[in-house]
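The values are calculated or read from the model by the stated rules, or taken from the named source; none is laboratory data. This one's a predicted model, so the numbers in the text were calculated from it and none came from an experiment. A quick note on method: Cβ atoms are made from the backbone with ideal geometry, for glycine too, and the neighbour counts reach across all protein chains shown. What goes into the accessible areas is simple: the full protein's heavy atoms, side chains included, and nothing from ligands, DNA or RNA. Shrake-Rupley method; radii C 1.70, N 1.55, O 1.52, S 1.80 Å.
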Amino acid sequence: MRTNQPQTIHLSEYKVPTYLVDTVDLCFQLYDDGARVHSTLSVRQNPESKDVSAPFTLDGDSLNLERVTLDGKALVAGDDYEETGEHLVITEVPSQFELTVVTWIEPQNNTRLEGLYKSSGMFCTQCEAEGFRCITYFPDRPDVMARYRTRIEADKATCPVLLSNGNDIDRGDLGSGRHFVTWEDPFPKPSYLFALVAGDLVEKQDTFTTCSGRDIDLRIYVETRNAAKCEHAMDSLKRSMRWDEEVYGREYDLDIFMIVAVDDFNMGAMENKGLNIFNSSCVLASQETATDLAFQRIEAIVAHEYFHNWSGNRVTCRDWFQLSLKEGFTVFRDSTFSADMGSPTVKRIEDATLLRTAQFAEDAGPMAHPVRPASYMEISNFYTLTIYEKGAEVVRMIHTLLGPELFRKGSDLYFERHDGQAVTTDDFVKAMEDASGRDLTQFRLWYDQAGTPLLTVSDNYDSEQGVYRLTIQQTIPDTPEQTNKQSQHIPFALGLLGIEGEALPLRLESTGDAANAPTERVLELTEASQTFEFYGLAQKPVPSLLRHFSAPVRVVYPWSREQLVFLMSHDPDGFNRWDAGQRLAVDVIQSLISSPETAEIEPRLVEAYRALLADLSLDQALVAKMLQLPSEAYLIELADSPDVAAIHRARERVLSHLATSLRDELVACYHANTGGGAYEVTPESIARRSLRNTALSWLLLINDDAGRDLAVKQYSDADNMTDRMGALRALVNSDYAAERSQALADFYERFQDDPQVVEQWFAVQASSDRAGQLPQVQTLLKHAAFDWKNPNKIRSVIGVFAGQNLAAFHNPDGSGYGFLADQVCRLDDSNPQIAARLVAPLTRWKKFAPTYSALMHKALGKIRDKPELSADLYEVVHKSLEA
Ligand code: B3K
Ligand code: ZN
């Protein structure tokens, strides 16, 4: 058993680097049985460091050191340097010097997928956060920025394509079937942005002319079989480049921009300078093989990685505590981009759903941390929803408080002031303050206090004065190591509706002209309790609170079901219309959970859904969202001490009641949204497909034979993956066992050569409480297409089972928990990052009803007792057991 606990790193202990590196000269000699890496650094003492005459310490991980020379002189182990497990320490160095380090590494045996590794025969890298140290000894921290030159030597036949960051400056033949290419990146960068790719790839080429008229060479590199699946990513890239010029004034800087698709990748993608490396599933798409969701995801991720070129690469993070500086800001940028490309309301609904379902849960659990954490053991564990999504919400709130013009002034100032630097979230906020003249002192608490603020709203109406008073109290729950929190600065958008559904003028003073008063305002909450008065109202209004989800907070207000139904059809804010529907459905499901014997299910819910299905004048993209019942995960999140089986039963009961009551409307909706021309990825056609597939799934849920026939036909006639998968999913989740097996078999047969589609085939089964009970999931793990080395396969079976098939995973006999614990232990030896991510569903054991929580705790204990726990898993498991 691992007894030594990994070291905790504290933000408060940050020190500037003792030595700076100006240039890095790399030479990679790649072979089948390993790679030799020559690295020459020009190093000088950092004038800002107080540590004069300190040894020069470099980071390293799993390296075989072959040689070290300093200014041409070979150094002697023991005398001149020491190699500890994680460091190379050069005892004495002059104030300026050149250091050469030669290491031997084995990419072919690298299953952690950090540093240099092999995926389907090609060499590729992943260096964020601390992967560069698995390639060579280096001061591997983001505030050491250097200019890189990289020469790659490899076999011509197996590695015809040799790529690295920057511009290709030299290439040639080496004889014996080998060749080389040299790349030079003119922009100083931290080591985590280094990348190398070598393999047999084809390129899809295009160009982009920037706002100043420069032609940029765009290339997407993929395996030959995927050559036809790059168009969508390329279009997304060009749209992103244009958008970043128009909205942020950011022009691309190098002459070439490359994307490479690899099958084995721990996350979605990586923004390496000029050479983004993508998980294949986040770049490859065709109408036949990718769903609408995948198309949208690809567009968003391509944009995200591209936007990092400014928010992350040109201006980077001083240390890893500042991760949200680049991630939060870049998610905000990609989310605004996606909103501009499609439906802003739908995008906002999707973002808020993710936040409220998963980020709020994280923020209430044992791993809760601020957007700028104060400490960590393993930085890989901090690529979280809090850093990314809550971080993006924090930037969005600045945007809301400043307004678009001042926000743009602020971002211009930030980029200009810090170009080429490694900075902090505080520098970002400072630029926003300086450009706008606003004081964001209290606002900064969003970066330092963890936990989701709770806003409790109460109101009263004074009919004599015509005054409506709204009192908002904020509390921020305790989180690990943080109690007694201070009030935060929260932008709170609201509107008031009159009895006819009209938007009322919001007058904050008794004098003043109603005609000029706005019908929506952003109140600024800064105190524990605040009361706002609205004048000149003839009747008690219905409040529409936290419009557009203007802050990542929970709102409690005693809405009646009647008010919710009213808001569902009258609120001018589309987001709040949807939210009212969610609140109504939650209320109905919750009352069934607390009194399961209740015979009647709220008729107003059925009528509201009937109205949605009937009214074609509504924005159909919004209707498609409004028809989705709140997920089990969200209902669990909202509950104290949730009983998963009870939640599942209640939700299923509401769903089948809706489907039975609206059966004819669903059939009509299916037909109204079928046909209508060639496949397009536009908000309108996405909405049509979503509506018809929702109708289909509901019909199959109630064993409607007409629905079954539609599904079988749709499955075989589909000309796109959204419809084929929609029909397959409906069948998989139905009681039509014969049709389900037949469709699953056919699907595999059709797509078995396409790994991204096989992943969808795994996921549709693992997520289904009909087809994905534990024994079936265990069978999937034995399937020939399952691969323990491939993170996507692992996620599509184990991750989907534990994260989406909640009733089966939380089987009251504890079998799901034991299963997950076993898989996590197994994976910890080969890929600790993936193991530590997969364990997440168990870590929230404390939240659940006692029968569940005891069994979850036991499963976690089993992992804790595993011999040789990685630092990644150690941190997550211990923090959760000790919380
Ligand atoms: N920056 C990378 C994430 C790296 C994760 C390392 N464990 C992708 C992104 O956010 O763009
Ligand atoms: Zn990112």
Give the residue, chosen from 266, 272, that is of a type outside the set (A, V, I, L, M, F, W, C), at pLDDT 95 or above and within 12 Å of ligand 2 (Cβ to nearest atom).
-> 272
Go through the stretch 306-319 and give me each residue that's away from ligand 2 (no atom under 13 Å from the Cβ) and more than 14 Å from residue 417 (Cα to Cα).
-> 318, 319
Are there any pairs, at least 6 apart or on different chains, whose C-beta atoms fall under 9 Å, with the first in the stretch 660-672 and on the phi < 0 side of the Ramachandran plot and aromatic (Phe, Trp, Tyr) and the second open to solvent by 60 Å² or more (accessible area, probe 1.4 Å) and part of a helix (DSSP H, G or I), and if so, which?
-> none
For the stretch 443-473, which residues satisfy the criterion of being open to solvent by 30 Å² or more (accessible area, probe 1.4 Å) and either in contact with a Ser or Thr (Cβ under 6 Å, 6 or more places away or on another chain) or at pLDDT below 95 (or both)?
-> 454, 458, 469, 471, 473
Give the residue, chosen from 390, 326, that is basic (Lys, Arg), more than 13 Å from ligand 1 (Cβ to nearest atom) and open to solvent by less than 10 Å² (accessible area, probe 1.4 Å).
-> 390
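How many residues, within the stretch 533-561, are over 18 Å from residue 458 (Cβ atoms) and either polar (S, T, N, Q) or part of a helix (DSSP H, G or I) (or both)?
6
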Enumeration of residues in the stretch 797-818 that are part of a helix (DSSP H, G or I) and open to solvent by 10 Å² or more (accessible area, probe 1.4 Å) | 799, 800, 803, 804, 806, 807, 815, 818
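Yes/no per residue for (1) within 28 Å of residue 261 (Cβ to Cβ); (2) of a type in the set (Val, Ile, Thr); (3) surrounded by 21 or more Cβ atoms within 10 Å (Cβ to Cβ):
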residue	(1), (2), (3)
731	no, no, yes
735	no, no, no
745	no, no, no
749	yes, no, no
756	yes, no, yes
768	no, no, yes
779	no, yes, no
787	yes, no, no
791	yes, no, yes
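For the stretch 209-219, name all the residues that are of a type in the set (A, V, I, L, M, F, W, C) and either open to solvent by 30 Å² or more (accessible area, probe 1.4 Å) or closer than 18 Å to residue 159 by Cβ (or both). Break it down stepwise before answering.
As a first pass, look at the stretch 209-219 and keep what is of a type in the set (A, V, I, L, M, F, W, C): 211, 216, 218.
Answer for the stretch 209-219, where residues must be of a type in the set (A, V, I, L, M, F, W, C) and either open to solvent by 30 Å² or more (accessible area, probe 1.4 Å) or closer than 18 Å to residue 159 by Cβ (or both): just 211.
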Residue satisfying all of: in the stretch 819-840; open to solvent by 40 Å² or more (accessible area, probe 1.4 Å) and not small (Gly, Ala, Ser); farthest from residue 361 (Cα to Cα) among these = 829
Would it be correct to say that residue 295 is more than 11 Å from ligand 1 (Cβ to nearest atom), in a helix (DSSP H, G or I) and over 22 Å from residue 452 (Cα atoms)?
-> yes
Subset of the stretch 1-24 [open to solvent by 40 Å² or more (accessible area, probe 1.4 Å), among the polar types (S, T, N, Q) and modelled with pLDDT of 95 or more] | 7, 8, 12, 23
If you go through the stretch 339-378 one residue at a time, how many are among the polar types (S, T, N, Q), over 14 Å from the mean Cα position of the chain (by Cα) and more than 23 Å from residue 129 (Cα to Cα)?
-> 2
So which of 339, 358 is without any contact (Cβ under 8 Å) to a residue 12 or more places away in the chain and either out of contact with any Gly (no Cβ under 6 Å at 6 or more places or on another chain) or in a helix (DSSP H, G or I) (or both)?
-> 339
The residue that is farthest from residue 373 (Cα to Cα), considering only those in the stretch 305-322 that are within 13 Å of ligand 1 (Cβ to nearest atom) and in a strand (DSSP E or B), is 311
Residues that are within 16 Å of residue 872 (Cβ to Cβ), in a loop (DSSP other than H, G, I, E, B) and either free of Cβ contacts under 8 Å to residues at least 12 places away in the same chain or out of contact with any Pro (no Cβ under 8 Å at 6 or more places or on another chain) (or both), drawn from the stretch 370-380 = 373
Per-region count, the stretch 365-375, residues surrounded by fewer than 19 Cβ atoms within 10 Å (Cβ to Cβ) and hydrophobic (A, V, I, L, M, F, W, C) | 1
Looking only at the stretch 687-712, count how many residues are open to solvent by 30 Å² or more (accessible area, probe 1.4 Å) and either more than 16 Å from residue 731 (Cα to Cα) or in a helix (DSSP H, G or I) (or both).
-> 10
Leading residue by the ranking (most open to solvent (accessible area, probe 1.4 Å)) among those in the stretch 504-537 that are hydrophobic (A, V, I, L, M, F, W, C) and touching a Gly at 6+ places or on another chain (Cβ under 6 Å) = 514
Matching entry among 396, 356, 333, 348 (being at pLDDT 95 or above, surrounded by 24 or more Cβ atoms within 10 Å (Cβ to Cβ) and away from ligand 1 (no atom under 15 Å from the Cβ)) = 396
